[in-house]
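Visitor: Dropping a structure here in structure tokens format, bear with me for questions.
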2 protein chains.
Amino acid sequence: MYNKELIKGTLQTIILKLLSEKEKMYGYEITQHVREITEGKIILTEGALYPSLHKLEAEGFLITEKVKIGKRVRKYYSLTTKGSSSAELKVNELVDFFKTMKQIITPKLSAKS
Amino acid sequence: MYNKELIKGTLQTIILKLLSEKEKMYGYEITQHVREITEGKIILTEGALYPSLHKLEAEGFLITEKVKIGKRVRKYYSLTTKGSSSAELKVNELVDFFKTMKQIITPKLSAKS
DNA sequence: CAAATATACCTAAGAAACTTATGTATTAAA
DNA sequence: TTTAATACATAAGTTTCTTAGGTATATTTG
């Protein structure tokens, strides 16, 4: 697992991006999905995920739909139009940030007169 | 400028990496250097930088050396052995984190049966 | 030469986004 | 039947920033 600080600020982007690919997902599913595709390198804690989902919903990026599975209620999230635009923006921003950071952390080939 | 949250958790890595390349630097110099190589995309605020430098020093990653420039005292920071190892570790961790994040945020080419 | 800007250090209050811990409840596996 | 997995949620505490100040010297510019 990575330095916990690194994940900060990327959680919303992760959520929005996953939902832009999968139509609708519920919280627990998101944690499992991320765990799988990152081979356990990124584990989303529920204490971080749920408040983040609620916030995105409150801000109009997500809408919810409750589905009864037996006696349990599962809460599916999906993107609004606003959420869809935001997903794209945030992913682009993140990719660009990574590029910029690499300018700092990877050795430069440039001239050293 | 990027979402301020993104920078979080990367500041220590930036500091350590720069010092692993430049032998010694002072705080203000670090802010200017980062501003230049990122073309203004990343601006380190002094309110974040100085406490971070102090912390790294307190933890034994950096040592300081005061140099008088006219009537002003400039405080140069350089890596300890511990700081040097840490620089490498943290950079590797960050690069690896970026790779893992890209698995999430970039479209996969993988089979969709 | 006076005023503004740049250089150079610093700290403190507050905000944001986490972690850790806890709670509830159903369902499946051992 | 007990444990683990599924599935939701909140709350206190921590960390790391941002924002906003403060001090002082040096340089540029009108």
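Visitor: B:Lys75: net charge of surrounding residues, Cβ under 12 Å, Lys/Arg +1, Asp/Glu -1, itself excluded? Please list the in-between numbers first.
Guide: On the way: positive: B:Lys24, B:Lys66, B:Lys68, B:Arg72, B:Arg74; negative: B:Glu29, B:Glu57, B:Glu65.
Local net charge: +2.
Visitor: Just report the Cα centroid separation between the range A:60-90 and the range A:12-40, whole Å.
Guide: The two parts, judged by their Cα centres, are 12 Å apart.
Visitor: Starting from the 7 Å offset along Cα-to-Cβ, what nm value, one decimal, do you get for the label separation of B:Asp96 and A:Lys41?
Guide: Computed distance between label sites B:Asp96 and A:Lys41 equals 0.8 nm.
Visitor: Considering only B:Gly47, B:Val91, A:Asn92, whose Cα is most displaced toward the positive end of the charge dipole of the protein assembly as shown, charges sitting on Cβ of Lys, Arg (+1) and Asp, Glu (-1)?
Guide: B:Gly47
Visitor: For a distance above 33 Å, tell me the whole-number percent of Cα pairs in the protein assembly as shown that qualify.
Guide: Details: 7261 of 25425 pairs.
The share of Cα pairs beyond 33 Å in the protein assembly as shown comes to 29 percent.
Visitor: Check cross-link reach from B:Lys68 to the lysines: straight Cα distance under 22 Å, and skip same-chain residues fewer than eight apart.
Guide: Straight-distance partners of B:Lys68: B:Lys22, B:Lys24.
Visitor: Springs between alpha-carbon pairs under 10 angstrom, Gaussian network model over chain A: which of A:Thr38, A:Thr81, A:Thr64 fluctuates most?
Guide: A:Thr38
Visitor: Placing the label point 7 Å from Cα along the Cα-to-Cβ direction, what are the distances from B:Ile69 to the equivalent spots in the other copies, shortest first, in nm to one decimal?
Guide: Once sorted, the set of distances for B:Ile69 reads 6.1 nm.
Visitor: Go ahead and estimate [θ] at 222 nm for chain A from helices alone: -39,500 (n - 2.57) per DSSP H run with n ≥ 4, summed, over the residue count, rounded to 500. Walk me through the numbers before you get to the answer.
Guide: Working: 5 runs with 65 residues, N = 113.
That calculation yields -18000 deg cm²/dmol at 222 nm.
Visitor: If the only charges are +1 at each Lys and Arg Cβ and -1 at each Asp and Glu Cβ, what is the size of the charge dipole of the range B:4-101 around the Cα centre, to the nearest 20 debye? Intermediate results must be reported in sequence, preceding the final value.
Guide: Working: 17 positive and 13 negative charges, 90 e Å.
Rounded to the nearest 20 debye, it is 440 debye.
Visitor: Does a label point 7 Å from the Cα of A:Arg74, set along Cα-to-beta-carbon, have any residues of the range A:33-60 with amide nitrogen under 16 Å, and which are they?
Guide: Residues A:33-34 fall inside that zone.
Visitor: A 19 angstrom limit on the alpha carbon distance is what I want to check against. Which of A:Lys102/B:Lys17; A:Lys8/B:Lys90; B:Lys8/B:Lys82; A:Lys4/B:Lys102; B:Lys55/B:Lys102 exceed it? Working shown, then result.
Guide: Working: A:Lys102/B:Lys17 11 Å; A:Lys8/B:Lys90 16 Å; B:Lys8/B:Lys82 22 Å; A:Lys4/B:Lys102 17 Å; B:Lys55/B:Lys102 31 Å.
In this structure, B:Lys8/B:Lys82; B:Lys55/B:Lys102 exceed 19 Å between Cα atoms.
Visitor: OK, next. Name the residues whose placed amide hydrogens come within less than 5 Å of the amide hydrogen of A:Lys24, ignoring near sequence neighbours (fewer than 5 apart) on the same chain.
Guide: Amide H neighbours of A:Lys24, under 5 Å, 5+ apart: none.
None of the figures in this text is laboratory data; all of them are computed from the coordinates on show. Because the structure is a prediction, the values reported are computed rather than measured. Positions of Cβ are generated from backbone atoms using ideal geometry, with glycine treated the same way; all protein chains shown enter the neighbour counts.
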